[in-house]
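Here the structure comes first, spelled out in structure tokens, and everything after it is commentary.
We did not get these values from a lab; they are worked out from the coordinates using the rules stated. The shown structure was predicted, so the numbers you read here are calculated from the model rather than taken from an experiment. Neighbour counts are summed over all protein chains in view; Cβ atoms, including those assigned to glycine, are modelled from backbone coordinates with ideal geometry.
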Amino acid sequence: MPPARAADHHRVPQAEEELALLRRVALGDRSALERLYAVYHRRLFGFLIRFTERHDLVEEIINDTLYTVWCKAGEFRDESAVSTWIIGIAYRRALKSLKRQSFWLRTDGEAMDAPDASADPSEETGDWLAQGLARLPLEQRMTLELAYFLGHSCEEIAAISGCPVNTVKTRMFNARRRLRELLPQLAEGNGADGTGRTR
Amino acid sequence: MKLSKHPQARGDAREHRWAEQMLPWLANDTLGEPERARLQRHLERCAACRAGLERERRLAAQLAQQVVVPHSPQPGFARLLQRIDAAPARTAPARWRRLFARSAVSARGSAARPWYAVALAAQAAALLVLALTTAWLALAPERAPEYRTLSQGDPATAGAQLQVVFADSVTAAEMQRLLEQVGGRIVSGPSPAGLVQVALAPGAAAADPAAAARWLSQQPGVAFAAAVLGAGAP
């Protein structure tokens, strides 16, 4: 299977419809906000729960994100896709919230100890991969997940994270290199049977 | 990955470094056509990058696995609405909030510099006269046939409809309340002039959109309201 579009279900299926919804939100239309909330709750929950076990924190980030959307919908310009704009808001909120969590406090640019395997929030992805990901610096991991879980392009990730395209490429490159060091089974293709488990 | 496995020419080495960085975007299928073609040409002659691409695809497949969302969005949305209602002054649509902000800044600056306040007041008065003249020209039916053109309605949206301009000071909650009173919902807009098109749900208001428009236009939060000509009105 071409994994290339494996994340298609997360992508914006009808960008024009989302733009129309956002314009109605700018006018104070709560039914449009509700529709947008439903779409982005699903998308953002799936993305954010990969970084923390705390559902309450994920819900708080989503709430903050959609509240900002409500307040600033009138300021949206067509310079980017609606999805890029909204996920960019979520990215900044998530970065701030997650960095407050002791789990993400680092020394020498490294994440602290990987989470206990029994507490892995993404069982289907596999303990070994989850533990490897947990050892990446947060910005690198976010870049990796934005590309492979949400399926964003390099330029979109640059817009979402508010940094140059070259920074995105560097973060991605460093994340991949670190994962190769941490997870030799990834290079060998072990554990890639859909469960990700090597045992 | 060892560079010794790759072409040694300086240009090729540079191309290889570029290709290594671009592999993820080929793996997630978001690469533009020129870059994709360039990368494919490199892959044809670079075994290490082909292996790298397979590795990225495996990783992408692992990460793209769907996480089951255990929660309904409804409780979260209800909390969001509570938050919005708890801070009505901050939740007016941005267009109006920006106007408030500008007024506040002007007022603060004026207090510090009286001469500036006089100049600002004169400028504001001139703008007000201009705005009122423009509004009068736009709203008087016999003088503004182009407005009637605007109010012909969107043929794509059938049923009784209104054209409404809300006051700059109206909050989102007030706007919603006003629309609920006539069973209306915004279907398009705003135009550059702030005009929104409102569809009326079947009921008393839809049976007499002109009366609904009259009622709306009498409300403090509404600057203008009119029934759309030929949009399902009886």
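Tell me, A:Phe173, B:Phe166, A:Phe47 in order of fewest to most beta-carbon neighbours within 10 Å?
So the ranking, lowest neighbour count to highest, is A:Phe173, A:Phe47, B:Phe166.
Can you compute the label reach from B:Ala87? Point 7 Å from Cα along the Cβ direction, backbone N cut-off under 19 Å, restricted to the stretch A:40-79.
What the label zone holds, given the 19 Å backbone N cut-off, is A:57-76.
Work through the residues other than A:Ala94 whose Cβ is under 15 Å from its Cβ and net out their charges, Lys, Arg +1 and Asp, Glu -1.
Spelling it out: positives minus negatives among the neighbours equals +2.
Within a 10 angstrom radius of each residue's Cβ in A:152-159, how many Cβ atoms of other chains show up on average? Whole number is fine.
3
Please work out the FRET efficiency for the pair B:Ala173 and A:Lys99, using the Cβ-Cβ distance as r and a Förster radius of 51 Å; give the result to the nearest 0.05.
Computed FRET efficiency for B:Ala173 and A:Lys99: 0.90.
Which value in nm describes the separation of the simple spin-label points at B:Arg38 and B:Ser72, placed 7 Å from the Cα toward the beta carbon?
So the label points at B:Arg38 and B:Ser72 sit 5.1 nm apart.
Hey, got the average number of other protein chain Cβ atoms within 10 angstrom for residues in B:76-83?
6
Sort the stretch A:29-83 into rounded, prolate or oblate with this rule: let a ≥ b ≥ c be the square roots of the eigenvalues of the Cα gyration tensor; rounded if a/c is under 1.5, and if a/c is not under 1.5, prolate when a/b is larger than b/c, oblate otherwise.
Here the stretch A:29-83 falls in the prolate category.
Highest mean first, how do B:197-205, A:147-155, B:37-45 rank when packing is the count of other Cβ atoms within 10 Å averaged over residues?
Descending packing order for the listed peptides: A:147-155, B:197-205, B:37-45.
Work out the mean other chain Cβ neighbour count within 10 Å for the residues of B:220-228 and drop it here as an integer.
0
Note down the nm distance, to one decimal, between modelled labels 7 Å out along Cα→Cβ at A:Cys163 and at B:Ala201.
4.8 nm
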